[in-house]
Every structure is written in C-alpha cells, then in structure tokens.
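Read the structure below first, then the notes.
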Amino acid sequence: MSEPSESLARRTRAAPSAPAAPQPRAARLKKESAICAEAERQFAQYGFEGASLENIAAAVGISRHNLLYYYPSKEALYRTVLEEVLAEWLARMAGIVSGTDPEAAMREYIAAKLRFSRERPAGSQVFAREVMAGAPRFRDAIEALVLPALNADVKTFERWAREKRIARLDFRHLMFSLWASTQAYADLGPQFAILLGKPALEEGDFEAARESITHQVLAALRPT
C-alpha cells in the first residue's frame with residue numbers, strides 16, 4: 001500500500017463514527033411535541049376560534065400542509081392539546097386517593113395543583129376556555145375521566161370523615177373550591193400580577209398562595 005493510501009486508511013480507522021440519525025418515530029414525536037406546545041400557547045391566547053393552523057405552523061417553522069400531516073384538522077390538534085393537559089392534571093389529582101394522612105395528602109395536593117398552574121399556565125387557560133364555553137368539544141372526556149376521579153376523591157373524604165379524622169363537608173364543593181383557587185393562579189395570573197405591581201407572578205407568590213389555601217382548607221376540614 002502506498003504511503004498516501006496508508007495515511008488515508010489510518011485516518012479512516014481513527015475517525016469517530018457519525019452520530020446515528022434520529023429514528024423516524026423519535027423525529028415525529030419531537031415534531032408533534034413542538035406543534036402541541038405552540039398550539040397550546042395559541043389556543044390559550046386566542047381560543048379555538050381565534051387560533052389558526054397557519055399561525056401555529058409558521059411558529060414552528062413548517063407549512064400548514066405539513067402540519068396536517070401530523071394532525072388532520074384543527075379540531076384534532078385542539079383535542080390532543082386538551083387530552084395532554086387533562087392527563088397531567090389528573091395525574092396531580094392522584095395524591096388524595098393514595099394518601100393515608102388527610103393533612104399530608106391535602107398539603108401535597110394543593111402544592112401539586114399550584115405547581116401545575118405555575119408550570120403550565122397556557123394549558124390551564126386552554127382548559128378553562130373550553131369549560132367556560134360549556135365544553136362543546138371535550139365534554140365526553142370530562143365526564144369519562146374527571147368525574148370518576150372526583151368520585152374517588154369524595155369516597156376518600158367520606159372515609160376520613162367516618163373515621164372522624166376530618167369534619168364532614170360537601171366534599172364535591174370543597175374540591176370545586178380547591179380547583180378554582182389553585183387554577184386561578186394560571187387563569188387569572190396576569191391580573192394578580194398587575195394588582196401586585198409586577199410584570200408576572202413570582203415563585204414567592206405561589207408559595208404565599210400555597211400557604212394561604214392550605215391554611216383555609218385544613219381549617220375547614222379540622223374535626224370539631
């Protein structure tokens with residue numbers, strides 16, 4: 001072998017292997033995630049009617065036609081966003097049923113709900129818009145998924161009340177109040193920030209909300 005050929009062979013053997021190309025499914029999931037994140041932001045800001053596939057596609061650097069390859073319609077994309085939001089929301093509701101100590105369970109539940117409001121305000125706003133409109137496109141999912149979760153939580157509260165570990169209340173309305181107070185820090189966050197004289201809510205505001213809501217709920221549940 002000539003010297004140039006030997007040198008080329010050595011360089012070829014020493015060269016690091018090129019990184020593997022992304023698998024098609026991984027690439028698709030990454031693109032779907034980017035589309036859903038942008039859709040969530042725009043549905044929160046403009047509502048279902050005001051948001052457009054053209055603007056969502058442009059924001060993620062693809063054409064409307066390309067977006068329709070991933071989601072066949074605006075309704076399908078909207079539904080996917082709501083399903084993802086609801087799945088995370090329900091996952092954070094699981095603490096009551098699995099909890100053994102009422103006070104610890106309520107503290108963790110309230111903290112988890114406020115974390116959701118802080119970490120995913122746009123998702124909360126999309127869900128709130130849909131519900132406030134009467135849930136025309138998502139009623140079936142709310143009835144199929146939220147109602148059983150609520151009923152399970154109420155059964156846990158009822159058991160704790162029978163054991164005289166908490167006061168007996170209308171536990172469904174207790175949960176409605178909890179949802180309203182924690183989700184308000186996402187849905188009404190900009191208003192709260194204005195009234196607090198700051199551009200946006202800060203970590204300390206969510207901590208103050210957690211302490212206030214927790215105090216009120218535990219006081220209401222304290223057995224007499």
Study note, to complete from the structure: When every residue in segment 1-49 that is basic (K, R) and surrounded by 12 or more Cβ atoms within 10 Å (Cβ to Cβ) is compared, the one modelled with the highest pLDDT is R41
Exercise for review: Taking the options A167, A186, name whichever one is part of a loop (DSSP other than H, G, I, E, B) and surrounded by 11 or more Cβ atoms within 10 Å (Cβ to Cβ).
Suggested key: A167
Exercise for review: Go through segment 93-128 and give me each residue that's buried (at least 17 other Cβ atoms within 10 Å of the Cβ) and of a type in the set (K, R).
Suggested key: R107, K113, R118, R120
Exercise for review: Go through L86, L67 for me and flag whichever is closer than 19 Å to A122 by Cβ, aliphatic (A, V, I, L, M) and assigned by TED's automatic domain parsing to the domain that holds Q42.
Suggested key: L67
Practice item. Kindly establish whether T100 is at pLDDT 95 or above and of a type in the set (S, T, N, Q). Key: no
Point to revise | P199, sole failed condition from (1) touching a helix residue (DSSP H, G or I) at 6+ places or on another chain (Cβ under 7 Å); (2) surrounded by fewer than 12 Cβ atoms within 10 Å (Cβ to Cβ); (3) in a helix (DSSP H, G or I) | key: (3)
Review point. Of everything in segment 207-224 that's among the charged types (D, E, K, R) and within 21 Å of the chain's Cα centre (by Cα), which residue is nearest to D101 (Cα to Cα)?
Key: R210
Review point. Just wondering, is there one or more residues in segment 75-88 that are over 18 Å from R137 (Cα atoms), in a helix (DSSP H, G or I) and not small (G, A, S)?
Key: yes
Review point. Based on what the data block shows, is E143 among the charged types (D, E, K, R), out of contact with any Gly (no Cβ under 7 Å at 6 or more places or on another chain) and surrounded by fewer than 19 Cβ atoms within 10 Å (Cβ to Cβ)?
Key: yes
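The values are calculated or read from the model by the stated rules, or taken from the named source; none is laboratory data. Since the model is a prediction, treat every value here as computed from it, not as a measurement. Positions of Cβ are backbone-derived with ideal geometry, glycine not excepted, and every protein chain shown enters the neighbour counts.
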